[in-house]
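S.K.: Submitted below is the structure of interest, expressed as structure tokens.
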Amino acid sequence: MKILRPSFLAVMAFAALLTRAAEDNWQTVRFREVDTLFANPGQGWMSRERSPGGGTRFPCSVIYLRFDWADIEPREGEYNWKVIDHVIAAWQPRGATVAMRVMTANAHSEGYYSTPKWVFDAGCKGVEYRADGSDPTSGGKSIPRIEPDYADPIYLAKHGAFITALGKHYDGAAGVEFLDIGSYGIWGEWHTPHPAPIAVRRQIVDLYLEAFPKTPLVFMSDDFEVMGYALAHGTGIRRDGVGSPWHEQNWIGSPRYVGVPGMADAWKKAPVVFEWFGEYDYLKSKGWSFDAAVNFMLNNHVTMINEMFGQVPPEIMPQLAKLARLAGYRFVLREVKHEQSVPRGADLHLKMKWANVGVGKLYRPYELHLALRNAVGQTVVTTKTDADPREWLPGERDVSGLIKIPSSLERGDYSLAIALTDPTKQRKPLNLAMDAPAKEGWYLVGEVKIE
């Protein structure tokens, strides 16, 4: 048996006191999750209002714009960008961005042409069609319209030049959120009675990939034969027609899509966008389940939902609000543990418990910043952590950080603040679903004494 000497016991006791003192210097602050609806960048509800004056059903950060090619390039090489630019400029003061789709065949067009007339005058072949105007989801006025032959070299060359010009004007622009890869099929939804060969459809995808290397792209899911090609090149997914049982049954894992590689995990890399099949009253008239449609979107990691849902009864608003609230990412800081006091010149350590309670994720770069503020609210120290919120999939995670305290900082009491900010300064700081005081994206989460 080994006998411990008194001097050794004294050292051990002193070490235990130091450990206890260090532990006693830590404090834990916990926060309650809130249900507030936010207009956080790149998630939630998308409005189709071209100006803020009309208001939106829910707070939204994305405005969705769909236009005919003929509206933007009425004459070859002459571009009417103001159709898009006016919408971007109108919403910019509200912090909202614009998502868009180019249509080359539109069963709701006011006239014969969605692809410009000059394309057909140049020799491009096309097929005349007349949509049934009796169903509001299948067509507008029952008038003849023309759909281009997508495999026609003239179409591919002329439209390719247009997409290139569109990319030069908008790729990477701060006011643009994402683009649908449209340009094929009725409404640009990639369904048509006159399909082009797979190689041609891939060529249309390539037009967008080459013109928009910076701006996120989403591929229309109606073309399961080309979808795998688009996903392999980093696009997201868009499904128009949610609410229809057929659309919900023909999805990931179904015979129609079982051969599409990467479809189930596409949401981890790029946005998932859904649009209703029709307005609420239309869905009810068909006997389709609203609850099933909501669950379908949430279970498939929806990022953004396109409006076009019409008037709804008050009793379904809570479900609709839940969908808007949980779409995409939704971050909560549940707990902060930090030292109550630190000397000047030392490091202030933080241990945080974060949660993403949304069903999706953040795709654009954001940084987690920490700061100290003095008694009059001035930020005196700020630092960036190593955390990458783009990695925060739904669920809980521990995140650590530290603030280096300058030796020259005055002694006294300081507030501890945190923020998730865009390093490019193009987008607003993120709103957090927590009950902490906030101003301009900064949340006060603790008090620290600098000695």
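S.K.: What is the helix-to-structure angle for 290-299, meaning the angle in degrees between its Cα long axis and the longest Cα principal axis of the chain, kept from 0 to 90 and rounded to the nearest 10?
M.R.: So the helix axis and the longest Cα principal axis differ by about 60 degrees.
S.K.: May I ask you to rank T382, T28, T192 by accessible area, largest first, using a 1.4 Å probe over the protein chains only?
M.R.: T382, T28, T192
S.K.: Quick one: which residues, 5 or more positions from G182 or on another chain, have an amide H under 5 Å from its amide H? H modelled 1.01 Å from N in the peptide plane, none for Pro or chain starts.
M.R.: So G182 has HN proximity to V102.
S.K.: Bin by bin, in steps of 5 Å, what percent of the Cα pairs in the stretch 362-429 do you find, going until the bin that has the longest distance?
M.R.: With a bin width of 5 Å, the distribution comes to 3, 14, 23, 21, 16, 12, 7, 3, 0.
S.K.: Then there is this: Restricting attention to the stretch 17-110, which trypsin sites (Lys or Arg not before Pro) occupy a DSSP loop and are surrounded by at most 11 other Cβ atoms within 10 Å?
M.R.: Counting only loop positions with at most 11 other Cβ atoms within 10 Å, the trypsin sites (Lys or Arg not before Pro) in the stretch 17-110 are R32.
S.K.: Once you order the gyration tensor axes a ≥ b ≥ c over the Cα atoms, which shape class does the stretch 47-115 get: rounded for a/c under 1.5, otherwise prolate or oblate by comparing a/b with b/c? Don't jump to the answer; show the numbers that get you there.
M.R.: Details: a/c = 2.89, a/b = 1.77, b/c = 1.63.
The shape class here is prolate.
S.K.: Treating each Cα of the chain as an identical point scatterer and ignoring solvent, apply the Debye formula and state log10 I(q)/I(0) at q = 0.11, 0.13 Å⁻¹.
M.R.: -0.90, -1.16
S.K.: Let a ≥ b ≥ c be the square roots of the eigenvalues of the Cα gyration tensor of the stretch 234-315; is it rounded (a/c under 1.5), or, if not, prolate (a/b larger than b/c) or oblate?
M.R.: prolate
S.K.: Further question: Along the charge dipole of the stretch 36-194, pointing to its positive end and built from +1/-1 on Cβ of Lys, Arg, Asp and Glu, which listed residue (F38, G185, I146) has its Cα farthest out?
M.R.: Highest projection toward the positive end goes to F38.
S.K.: Report, please, the projected area of the stretch 309-451 averaged over directions, based on the convex hull of its C-alpha atoms, in nm².
M.R.: The Cα convex hull of the stretch 309-451, projected and averaged over all directions, gives 10.3 nm².
S.K.: What's the local net charge at A99, with K and R +1, D and E -1, over the other residues with C-beta under 11 Å away?
M.R.: Neighbourhood net charge equals +2.
S.K.: Checking the a/c ratio against 1.5 first, then a/b against b/c, what shape does the Cα gyration tensor give for the stretch 122-212?
M.R.: Taking the square roots of the gyration eigenvalues as a ≥ b ≥ c, the stretch 122-212 is oblate.
S.K.: About its Cα centre, how strong a charge dipole does the chain have in debye, to the nearest 20, once Lys and Arg get +1 and Asp and Glu get -1 at the Cβ?
M.R.: Its charge dipole is roughly 1420 debye.
S.K.: What Kirkwood radius, in Å to one decimal, follows from the Cα pairs of the stretch 325-403?
M.R.: 14.0 Å
S.K.: Accessible area per residue of the chain at 1.4 Å probe, in Å²?
M.R.: Accessible area per residue, the chain: 45 Å².
S.K.: Here's a follow-up. Apply the Kirkwood formula to the stretch 191-284: the hydrodynamic radius equals the inverse of the mean of 1/r over all pairs of different alpha-carbon atoms; give it in Å with one decimal.
M.R.: Numbers: mean 1/r = 0.0706 Å⁻¹.
Taking the inverse mean of 1/r over all distinct Cα pairs, the stretch 191-284 comes out at 14.2 Å.
S.K.: In nm, to one decimal, how far is the modelled label at L409 from the one at T382, with both set 7 Å along Cα→Cβ?
M.R.: Distance between the two pseudo-spin positions: 1.5 nm.
S.K.: Cβ under 15 Å from A375's Cβ, A375 left aside: what net charge do those residues give with Lys, Arg +1 and Asp, Glu -1?
M.R.: 0
S.K.: Could you sort Y150, Y112 by accessible area so the largest value comes first, with the probe set to 1.4 Å?
M.R.: Numbers: Y150 5, Y112 75 Å².
Correct descending sequence by accessible area is Y112, Y150.
S.K.: Full-extension gain between M317 and D435, please, as 0.36 nm times their residue separation minus the C-alpha to C-alpha distance.
M.R.: That pair, M317 and D435, stretches by 40.1 nm at full extension.
S.K.: For K117, list the lysines whose Cα falls under 18 Å from its own Cα; do not include residues on the same chain fewer than 8 positions away.
M.R.: Leaving aside lysines fewer than 8 places away in the same chain, those within reach of K117 are K125, K158.
S.K.: Something else: Ignoring ligands, DNA and RNA, please state the percent of accessible area on the stretch 176-313 from carbon and sulfur, probe 1.4 Å.
M.R.: 52 percent
S.K.: Among the lysines, select those whose C-alpha is under 23 Å from the C-alpha of K268, and discard any that sit fewer than 8 residues away in the same chain.
M.R.: K214, K322, K353, K361, K428
The values are calculated or read from the model by the stated rules, or taken from the named source; none is laboratory data. What you are looking at is a predicted structure, and each value in this text was computed from that prediction instead of being measured. Quick reminder, even Gly has a Cβ in these numbers, built from the backbone with ideal geometry, and neighbours come from all protein chains shown. SASA here: full protein model, heavy atoms, side chains in, ligands and nucleic acids out. Shrake-Rupley method; radii C 1.70, N 1.55, O 1.52, S 1.80 Å.
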